[in-house]
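What follows draws every value from the coordinates through simple rules; no lab data is involved. Values in this document were obtained by computation on a predicted structure and should not be read as measured data. In this analysis, Cβ positions are derived from the backbone assuming ideal geometry, glycine residues included, and neighbour counts consider all displayed protein chains.
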Amino acid sequence: MKIALLGFGVVGRGVYEITRERSDMQVTKVLCLEDISLPDAQAVKNIRDILEDDSIDTVVEAMGGLHPAYEFVRAAMEAGKNVVSSNKALVCTYYRELLPLAQKMGVGFRSTAAVGGGIGWLSELERARRVQTLRQVGGIMNGTCNYILDNMTRLGKDYTEALKQAQALGYAEANPTTDVEGIDTWHKIILSSNIAFGISLDFDSVPVAGISRILAEDIRRFAAHGRVCKLLGIGKRTEDGFSVYVQPALVGQDQLEANVPMNYNLITFVGDISDRMSFYGQGAGRYPTAYNVVQDLVDVAAGKGFYAPYGVGTKADNTETLSWYVRGGWDGQISEDWDGAVITGKVSVADMHAWLKTHSDAFAASVQE
Ligand code: HSE
């Protein structure tokens, strides 16, 4: 396998280093705007040098961002090259364009590192859906948010200090708003749900609430009631359709999710044969992420395509009702008073997300049963 790398940042360098140790694959060209010199690969600045090179059969996209990554990946597929990408925003946003194109061109297309970094989550979903109906997917899918919430909960740090540390440790995206407002988790749960349920979700139907409004006083109330707050991405098959959303959630202190430390991820599927299966590990970082890119390269070399067939466009309905912790301005039904905050009666996911949009000082977290 002859590979061209698009991007030579954290992930690209890791892929280059790992493939150098292997005899079955070789990086021969690297697209990089900076001047770099590599002993056994040519650095190029123009994508044409890769697209027009017939010796290259596979492109690894590790640039990040949507543009020009999308145009480059599209052109690579049109040139008949396999594509492996670690870019969740790209694969999620252009799912409806890239999946049919890969199928039409008969090229391999894998993106295991895009969700869960080093966890083989998407490739496990691929295996899981072959033999059973998946009922639910999701969990803790963003290391930065877990790092912040864990530091606030266990070490009493404040939000700003914990976010700065997550940035310094390289967990956060270039723009950390993407992490803390839940957008990174949103991309990951949409992609996971599409694969698990064989659908293509309308983005607008998947609501997202992040953790940026959380305060130390919220964390103290959760602890007093035996709860821990985590940012969860959830995708569920319901009677009539699908419930898919991203939001802070209160889990019991003895639950697996409550005990996920630092920047780790914990992602779970529930299948009608296997029941609950959880996957825990490093959701980011050079070598864990590059590890899964190389796993994808091995799979592509073995002739594997995407994880699931392309499914029809679907809207999440989110009529599922939950109880919620709310601090700030709730005037609906109340089931418990938590001294400065409340636990609501049952409110649908769609209604609570709509309410949060018009109450910019409020913080809400679902109470997991
Ligand atoms: N910023 C992401 C995270 C990186 O914190 O999980 C991996 O997608």
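Tabulated values for the structure
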| quantity | calculated |
| --- | --- |
| Residue of I273, I343, I211 that the Gaussian network model of the chain assigns the largest fluctuation, springs spanning Cα pairs under 10 Å | I273 |
| GNM flexibility winner over the chain from K81, K315, K357 (Cα, springs under 10 Å) | K357 |
| Ratio of the Cα radius of gyration of the range 2-110 to 2.2 N^0.38 Å, where N counts its residues | 0.99 |
| The chain: angle of helix 10-20 to the longest principal axis, Cα-based, in degrees nearest 10 | 40 degrees |
| Neighbour-limited loop hits for GluC sites (Glu not before Pro), the range 1-80 (at most 15 other Cβ within 10 Å; DSSP other than H, G, I, E, B) | E21, E34, E52 |
| Across K88/K164; K2/K29; K236/K315; K2/K81; K188/K346; K29/K188, pairs whose alpha-carbon gap is larger than 19 Å | K88/K164; K188/K346; K29/K188 |
| Antiparallel DSSP beta bridges within the chain, as percent of all bridges there, nearest 5 | 65 percent |
| Computed [θ] at 222 nm, deg cm²/dmol, the chain (DSSP H ≥ 4; -39,500 (n - 2.57); rounded to nearest 500) | -10000 deg cm²/dmol |
| Residue exposure sequence - C32, C92, C145 - by fewest surrounding Cβ within 10 Å | C32, C92, C145 |
| GNM flexibility winner over the chain from A258, A174, A209 (Cα, springs under 10 Å) | A174 |
| Helix 183-197 axis, angle to the chain major axis (alpha carbon atoms, nearest 10°) | 80 degrees |
| Alpha-carbon Rg with Dmax, taken over the range 65-111, Å | 9.3, 25 |
| Principal-axis tilt of helix 286-301 within the chain, Cα atoms, nearest 10 degrees | 60 degrees |
| Antiparallel DSSP beta bridges within the range 197-345, percent to nearest 5 | 90 percent |
| Amide hydrogen neighbours beyond the local backbone of L31, cut-off 5 Å, H modeled | L5, L6, G7, V44 |
| Prolate/oblate/rounded label for the range 121-367 (Cα gyration tensor, a/c 1.5) | oblate |
